[in-house]
1. Determine the sum of side-chain charges near T220: Lys and Arg each +1, Asp and Glu each -1, restricted to other residues whose C-beta is under 10 angstrom from that of T220.
2. If eta is 1.306 mPa s and T is 10 °C, what Stokes-Einstein diffusion coefficient results for the chain, Kirkwood Rh from Cα pairs, in µm²/s?
3. Antiparallel versus total DSSP beta bridges in the chain: what percent is that, nearest 5?
4. All other residues with a Cβ under 10 Å from the Cβ of D209 taken together, and with Lys, Arg as +1 and Asp, Glu as -1, what is their net charge?
5. Whole Å is fine, so just give me how far the alpha carbon centre of region 195-259 lies from that of region 262-306.
6. Please give the Cα centre distance for region 85-141 versus region 1-43, rounded to the nearest Å.
7. Tally Lys/Arg at +1 and Asp/Glu at -1 over every other residue whose Cβ is under 15 Å from the Cβ of V95; what's the total?
8. Rounded to the nearest 500 deg cm²/dmol, what is the calculated helix-only ellipticity per residue at 222 nm for the chain, with -39500 (n - 2.57) per DSSP H run of length n ≥ 4?
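Each reported figure results from applying straightforward, stated rules to the coordinates on display, with no laboratory input. Being a predicted model, the structure only gives us computed values, none of them experimental. Note: ideal-geometry Cβ built from the backbone for every residue, glycine included; neighbour counts use all protein chains shown.
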Amino acid sequence: MTYRIVQWTTGNVGKKSVHAIASNPLLQIVGCYAWSPDKVGRDVGDLCGIETLGVIATEDIDALLALEPDCVVYNPMFANVDELILILGAGINVVTTSEFITGHQLGEQRELIAKACEQGGATIFGSGINPGFIQLFAIVTAGISDRVDRISIVESFDTTIYNSPATEKPMGFGYPIDQPDLRAITEKGSGIFREAVILVADALGVELDAIRCEVDYAQTTEDLELPGDWTIKKGCVAGIDVRWKGFVGDREVIAIRGVWTKGQSLDPSWSTDFGYTITVEGRPTVKSTLSFEPPPDFVAETLDDFIMLGLTITAMPAITAIPAVVAAPPGIATYNDLPLLLPRGVTADGVPRNSG
Ligand SMILES: NC(=O)c1ccc[n+]([C@@H]2O[C@H](COP(=O)([O-])OP(=O)(O)OC[C@H]3O[C@@H](n4cnc5c(N)ncnc54)[C@H](OP(=O)(O)O)[C@@H]3O)[C@@H](O)[C@H]2O)c1
């Protein structure tokens, strides 16, 4: 079966989604939504720096729904619940990297999404690298211990060259280090990690009594010029160490930590590991690290070429889920509901690949 796909926006992650769809013989891009007016009317391949695909980006949502795709790959900067309700209500499945893992942070709007799924007979699934795939990795890893006491996930990256100030400022980056409501800003901005804690707890069959957020900050000791015409001023936040924790009683059973830094002028001067450490504490304790390297044939001309690798690992968990999401019963699906997700159409030895 070939899956007909509509791509929703072509930003950082969206571009890598389009690259992956265009090169996978099991997937066919049939439409593309453009949020930016200057992208309307342009070929999607052109927008994403690959060959012309013969698909023109549009802002006309009705026209995209009329294409009756099997799935929308939804990668906008911010999720728009009304938009999701329209898509799902029209019977079109959604895989997304945009602020959706279990949907719980949406409060009552989660119910509206669930209702739209039911009405349209469609499924929504959210992932990414973290939150997303990394929690799946931890859940799978926990399956080889006969007692699990705690699951800890640490993401550690220098994000200096990541060009998405609009998604990073709400986390707390760039604010004066003594801003009174800084913790509240980070708690709201990183709230999607609450859903990641819920996902892992659900996988363990554990009922949590509390989910809490802790955070520390580092400031820059000089002005930092960053991609996206963004300057973080001296004395403002350029490092965030946030921990989302799930408790049963007083016992911490899940901890998801992100350590993100920018520049070389941090106070305190934190180091970053460029990867993930996943520890299942139990019998036995299982420790895994995930790090990423370019393939041997990788030619990097700019720093952006390297950051594109990071965006590939964000886009692919949603793309890989498409066949399972299309086959799933209507509703909100998480990793705990879907079968093993198979990486089909990505190897030269399997189904022949398209170019890209
Ligand atoms: N879970 C994870 O591991 C993970 C990791 C990284 C990112 N993410 C999430 O993935 C999503 C995409 O990230 P990204 O870095 O690709 O984002 P981005 O490049 O900053 O923005 C994506 C696209 O969103 C559209 N857009 C711009 N302003 C918007 C607004 N105010 N409201 C709605 N849409 C707007 C634009 O569409 P056009 O293409 O039409 O210009 C833009 O290209 C975000 O929600 C981000 O938080 C998840």
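1. Working: positive: K233, K234, K262; negative: E222, D223, D267.
Result for the local shell: 0.
2. Values: Rh = 21.2 Å.
Approximately 75 µm²/s, per Stokes-Einstein.
3. Values: 41 of 71 bridges.
Looking only at bridges with both residues in the chain, the antiparallel portion is about 60 percent.
4. Working: positive: R251; negative: E207, D250.
Here the charged neighbours net out to -1.
5. Measuring centre to centre over Cα atoms gives 16 Å.
6. 19 Å
7. Values: positive: R4, K16, R344; negative: D70, E83, E99, D337.
Counting the neighbours of V95, the net charge comes to -1.
8. Values: 11 runs with 100 residues, N = 356.
Mean residue ellipticity, 222 nm, calculated: -8000 deg cm²/dmol.
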